[in-house]
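Reading through the C-alpha cells given below for one structure.
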Amino acid sequence: MSHGRSVLIAQLRESLTTQRYNASLVVNYCNHAESFLRYLNRRRITIEAATPVAVSHYLRCAIRWFHQRHGHSPSPGWSSRPRSSVHALLRLARKRWPPEPVTSDPCEILCRSVCREYCEWLTEQRGLAVASVDDLMWEARNFLVWYTNRTSIASFKELCIKDIDAYFTMRAPGLRRRSLKDVAERLRSILRHLHRTGCTPVDLAPQIIMPRLYAYENIPSALNPEQISAVLKSTRKDKSPIGLRDYAILQLLSTYGLRLGEITHLQFNDIDWRAETLRIRHSKTGSCTILPLMKPVGEALINYLRRGRPKTDAREIFIRSRAPYRPLSRIYQCVRGRLEMAGVRLRGKRGPHIFRHARAVSLLRSSVSMKVIGDLLGHRSAEATIPYLKLATEDLRAIALEVPEREEVRS
C-alpha cells in the first residue's frame, strides 16, 4: 500500500478510535477501507474522483469476493459493514459524502440555485433554528422539483395560483388540517422568496388560503397515572445501557414534562448535585428554569451515568448507545417503543409530548395555579398553558350542570 493510502487509513483509524468505536470494529472498518482503496488504485481512480456508482460497483465486487473465499454468499446484512466503512473513509477524505449529483438539466440547476439562496436567507437573514430551516427547505425542494417536472420549464415566471392548487391537490391526501396549514405556511415562505429575488413577477403568497384552525378544537393525547406507572415499571426492569438511558429520560418526561430539545440538550453543568437542582434551558423561549432535582430522577440519572453512558468527551448527558458516540438527537422512537413494551395503547400521538400533557393535567388536578404550571413548562404566556385545560375532562364532568327535563304543557 502506498504512503498516501497508509496515511489515510491511519487517519481513519484515529478518527474511529476518537469516536469510541469498538477496537474490533475499527480493525474491520480499516480492512474494508483498505480494500476499497486498492480497488480504486487498480482502476486508476483517485479518491477525489470516486462516485456513488464506483462505490456501488465495489460493493458488488466485495460480495463476489466473499463468495469466492467462503463458498457461499454473505448474510443479507453483511454488505452494510463494507458500505459503512467506505462511506466513513470518503467523508474523512472528501469532507462531504455523498456528493451532490452532477447534472446538466437546466431545471435541476435552477432548483438547486434557488434552494441554496433560500437556505442562506433562512439561516443568515432570518436566523431560524435548524429544525425550522429543514422543514422549510424540504417543502421548497419538493415544490420546485414538482413544478419544473410538471412544466419542463427552467423558469418560475409562469408560476400561477392554478399550479399552487394542483400542488395542494397532490399533497392533501392523508394530511390533517393542521398539516395542511403547515404546508401552506411553508409555501408562502418560498413564494415570497421567489418574488423577492425576481423569479416570479407577482407575489403569490397572499393568494394562498390556509385552513382555519379553531382554538382548543381537539383534545390531545395524554397518559393517566396508571399508564405512566406501567411504562416506568416496565422500563426499569431493563438493566442494559439502553434501558438505563431510557428510564432516566422517562423519569424526566413524567416528572417535569420537558420538551424533547430540553432533554437532548441537558448537560453536566445543568445538574447541581450538592444543591439538588436541575437547570432547564427551554428550547422555545431561550429562558432557563431552576427545578428541584427529585430523588427518583436523580437516582435514574446516576445509574445511567455510572453504568449505561458510553465514555465520551461530549458534555450532553444522553448519548447514542452505539458508536459514533454522539449526543442523542431523537428520543421519539425510544419512548414509543417503551410504551408498546409496557402494553400501553393510545389513540392519536404516542410520542414524548404526551408525558408533557399528562404532567400538566396532574398539576391542574392538584390545584396548582396556571402561572406556576406555565413557568414549569416554559411557556411565555398564560395563553400557551390554556390548551392543557382541555385534558381535564373528568374534572369538567364533575361540575357539569344537569340539563332540565322538558315539561309537557297541558292545555
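The values are calculated or read from the model by the stated rules, or taken from the named source; none is laboratory data. For clarity, every value in this text was computed on a predicted model and none was experimentally measured. As a convention, Cβ positions derive from the backbone with ideal geometry for all residues, glycine included, and neighbour counts pool all protein chains shown.
Points worth noting:
- On inspection, Val297 fails the criterion of being surrounded by 14 or more Cβ atoms within 10 Å (Cβ to Cβ) and under 17 Å from the mean Cα position of the chain (by Cα).
- Close pairs from segment 353-372: first outside the structural domain of Ser229 (by TED's automatic domain parsing) and without any contact (Cβ under 8 Å) to a residue 24 or more places away in the chain, partner surrounded by 22 or more Cβ atoms within 10 Å (Cβ to Cβ) and in a helix (DSSP H, G or I), Cβ under 7 Å, at least 6 apart: none
- Answer from Tyr247, Tyr216 - the residue that is of a type in the set (Phe, Trp, Tyr) and modelled with pLDDT under 90: Tyr216
- Checking each residue in segment 165-201 for being of a type in the set (Val, Ile, Thr) and either in contact with a Cys (Cβ under 7 Å, 6 or more places away or on another chain) or within 18 Å of Leu110 (Cβ to Cβ) (or both) picks out Ile190, Thr197, Thr200.
- Restricting the first member to segment 184-208 and to residues that are touching a residue at least 40 places away in the same chain (Cβ under 8 Å), and the second to residues that are crowded, with 17+ Cβ neighbours inside 10 Å and assigned to a loop (DSSP other than H, G, I, E, B), the beta-carbon pairs closer than 7 Å and six or more apart or on different chains are Leu194/Phe156; Leu194/Thr200; Cys199/Phe156; Thr200/Phe156; Thr200/Leu159; Leu204/Leu159.
- Among all residues of segment 24-39, there is none that is within 31 Å of the chain's Cα centre (by Cα) and of a type in the set (Asp, Glu).
- Some residue of segment 272-279 being hydroxyl-bearing (Ser, Thr, Tyr) and closer than 26 Å to Arg326 by Cβ: no
- You will find that of Arg350, Arg322, Arg330, Arg336, the residue that is closer than 28 Å to Glu14 by Cα, within 16 Å of the chain's Cα centre (by Cα) and modelled with pLDDT under 90 is Arg330 and no other.
- When segment 281-329 is filtered for residues that are in a strand (DSSP E or B) and not hydrophobic (A, V, I, L, M, F, W, C), the ones remaining, listed by number, are Arg281, Thr289, Pro292, Glu316, Pro327.
- Filtering Arg69, Arg96 for residues that are exposed (fewer than 11 other Cβ atoms within 10 Å of the Cβ) and under 17 Å from Leu12 (Cβ atoms) leaves a single hit, Arg96.
- Note on segment 14-39: residues that are touching a Phe, Trp or Tyr at 6+ places or on another chain (Cβ under 8 Å) and more than 15 Å from Arg83 (Cβ to Cβ) total 4.
- Residues located in segment 203-213, provided they are surrounded by 14 or more Cβ atoms within 10 Å (Cβ to Cβ) and at pLDDT 90 or above: Leu204, Ala205, Ile208
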